Amino acid sequence: MKHTHPLPGDIGLTQISGITGRLIRLGQWINGDGFADYQHAFLVLPDDRLLEAQPGGARIKPLSTYDGSQVLYVCPEGLTERQRTTICTAATVYVGVPYSFLDYLAIAAHRFHLPLPGLRRYVASTRHMICSQLVDQVYQDAGVHLFADGRWPGYVTPMALYNLLAR
């Protein structure tokens with residue numbers, strides 16, 4: 001479900017400019033999630049704040065960080081106020097969790113069925129996450145499972161969130 005005004009517990013989807021955004025876009029396409037304009041995901045928190053994974057580790061920032069950016073706010077249909085509160089509470093545990101560009105490669109390796117020992121454990125690890133994995137994990141910790149398609153834990157990109165919640 002799409003929103004025009006963000007609510008706590010919503011997922012923000014946006015673009016990343018420059019080479020990083022182009023590489024993520026290409027990686028998402030390789031992973032089969034499409035080739036569109038959402039390369040970053042974050043979680044909306046109360047008090048006009050957000051939680052996002054970034055190269056220096058997951059951080060809570062002002063929601064105004066994305067003022068002037070094109071952001072699509074989405075959430076699962078029927079998300080309750082209680083679930084939103086639980087999601088926002090669960091999010092605080094992940095402040096400081098390191099970012100991992102290698103997760104994009106691990107997700108691609110899984111997509112291409114490369115027989116790499118420990119790959120599933122690496123992708124599912126909560127010790128390092130890309131932005132979309134962080135959002136998905138916070139939802140799971142709050143008891144809201146976004147994907148019911150049998151995918152591996154952590155096997156999620158920003159475009160996978162878009163394809164699930166915004167179409």
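Bear in mind that the values in this text are calculations on the coordinates, not laboratory data. Predicted, not measured: the structure shown is a model, and the values here were computed from it. A quick note on method: Cβ atoms are made from the backbone with ideal geometry, for glycine too, and the neighbour counts reach across all protein chains shown.
Per-structure values
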{"read-out": "Label-point separation in nm, Leu114 to Thr92, each point 7 Å along Cα→Cβ", "value": "3.9 nm"}
{"read-out": "At R0 = 25 Å, FRET efficiency that the Cβ-Cβ distance of Thr85 and Asp37 yields, to 0.05", "value": "0.25"}
{"read-out": "Debye-sum result for segment 114-167 in log10 I(q)/I(0), which assumes one identical scatterer on each alpha carbon, at q = 0.31 Å⁻¹", "value": "-1.37"}
